[in-house]
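First comes the structure, then the notes that go with it.
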Amino acid sequence: MAAAAAAAAPALSLAEAAPVTAVLAPCPTPSRTFRRRSWVAAICRPALKCHHSRPLTAVAAAAAAAAAAGDSTSAGVFHGECFVVGDNIDTDQIIPAEHLTLVPSKPDEYRKLGSFAFVGLPTAAYPTPFVAPGEETTRYAVIIGGANFGCGSSREHAPVALGAAGARAVVAEGYARIFFRNSVATGEVYPLELADTGAWKECKTGDVVTVELDNCVMINHTSGKQYKLKPIGDAGPVIEAGGIFAYARKTGMIASKSA
């Protein structure tokens, strides 16, 4: 299976891979070719186009207006209800191993994968499900977490499940490195890091929030508090493009599919 996956994905030369893989880690790591599975390219969601910064109130107002019109995201802004979790949320809680047989390149199974997002969370601690029973998508556009989010196994299904469910960003105090890399490589969710600690203790599931990429801020409209975010940096354009291979094609590092 591994050999088949490797054959399906075009390999980058070391010279081509170095500038791409440099953006995938929150801290410096040895460069290596990061192969993106073909099923990631098969399921494409609309890319978000970032805009130049506008006054904070105007951006939040525009996002709120878009949400009222049924669109939870606009250019570089995510607006909607948040789902709050704590420290050390592992990949088995995000998507349990028994659901990894689902093939995301098949649209129906991609949606099914999203319906199982966060089913591994203990119901005693998290009585509100991320995806309501019988639904395939979530009402929560933003996930707020604590430290070491996405720890555990290296399964790419974790960020894919969150993206398939409809989440657009995770805002956490810190990430397991492999989850951060997988989020960028697949282009499914933005892994945004808080500049300070404590947001997950102050925010509650169901609070209405706005995340602004340009201004590096998350606003909790329910509580009135604002939280500074660390810049997403060079990983932003990769996620915006739809993942590592889409970005490589867009920037000419590898030939486009139509070439």
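Count of region 121-142 residues, restricted to those that are over 23 Å from MET218 (Cα atoms) and of a type in the set (A, V, I, L, M, F, W, C), is 4.
Within region 227-244, the residues that satisfy the criterion of being within 12 Å of VAL184 (Cβ to Cβ) and either open to solvent by 60 Å² or more (accessible area, probe 1.4 Å) or of a type outside the set (Gly, Ala, Ser) (or both) are ILE232, ASP234, PRO237, VAL238, ILE239, GLU240, ILE244. Might you check whether a residue that is open to solvent by 10 Å² or more (accessible area, probe 1.4 Å), within 21 Å of ASP90 (Cα to Cα) and charged (D, E, K, R) occurs anywhere in region 133-150? There is no residue in region 133-150 that is open to solvent by 10 Å² or more (accessible area, probe 1.4 Å), within 21 Å of ASP90 (Cα to Cα) and charged (D, E, K, R). Cβ separations smaller than 7 Å between residues 6+ apart or across chains give the following pairs from region 238-259 residues that are over 20 Å from VAL160 (Cα atoms) to residues that are among the small types (Gly, Ala, Ser) and outside any loop (DSSP other than H, G, I, E, B): LYS250/ALA241; ILE254/ALA248. Only a single criterion out of (1) touching a strand residue (DSSP E or B) at 6+ places or on another chain (Cβ under 6 Å); (2) farther than 30 Å from GLU98 by Cβ is not satisfied by THR205, namely (2).
Each row is one residue, and each column tells you yes or no for (1) more than 26 Å from LYS228 (Cβ to Cβ); (2) in a helix (DSSP H, G or I); (3) in contact with a Leu (Cβ under 7 Å, 6 or more places away or on another chain).
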| residue | (1), (2), (3) |
| --- | --- |
| GLU109 | yes, yes, yes |
| THR128 | yes, no, no |
| VAL131 | yes, no, no |
| GLU135 | yes, no, no |
| THR138 | no, no, no |
| ALA147 | no, no, no |
| SER153 | yes, no, no |
| PRO159 | no, yes, no |
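Here is the figure for region 163-216: residues that are open to solvent by 20 Å² or more (accessible area, probe 1.4 Å), among the aliphatic types (A, V, I, L, M) and either without any contact (Cβ under 8 Å) to a residue 60 or more places away in the chain or in contact with a Phe, Trp or Tyr (Cβ under 7 Å, 6 or more places away or on another chain) (or both) total 2. Can you tell me which residue is surrounded by the most Cβ atoms within 10 Å (Cβ to Cβ) among those in region 73-102 that are under 21 Å from PHE149 (Cβ atoms) and among the small types (Gly, Ala, Ser)? Applying the filter and picking the extreme gives GLY80. Kindly establish whether ASN182 is assigned to a loop (DSSP other than H, G, I, E, B) and touching a helix residue (DSSP H, G or I) at 6+ places or on another chain (Cβ under 8 Å). Criteria not met by ASN182. Output the residues belonging to region 103-121 that are farther than 19 Å from VAL171 by Cα, of a type in the set (A, V, I, L, M) and either open to solvent by less than 10 Å² (accessible area, probe 1.4 Å) or at pLDDT 95 or above (or both). Answer for region 103-121, where residues must be farther than 19 Å from VAL171 by Cα, of a type in the set (A, V, I, L, M) and either open to solvent by less than 10 Å² (accessible area, probe 1.4 Å) or at pLDDT 95 or above (or both): LEU113, VAL119. Against the list (1) open to solvent by 50 Å² or more (accessible area, probe 1.4 Å); (2) touching a Pro at 6+ places or on another chain (Cβ under 7 Å); (3) hydrophobic (A, V, I, L, M, F, W, C), the condition ALA124 fails is (2).
The values are calculated or read from the model by the stated rules, or taken from the named source; none is laboratory data. Since we're looking at a predicted model, the values are computed, not measured. Quick reminder, even Gly has a Cβ in these numbers, built from the backbone with ideal geometry, and neighbours come from all protein chains shown. Accessible surface is based on the protein model in full, side chains and every heavy atom, while ligands, DNA and RNA are left aside. Shrake-Rupley method; radii C 1.70, N 1.55, O 1.52, S 1.80 Å.
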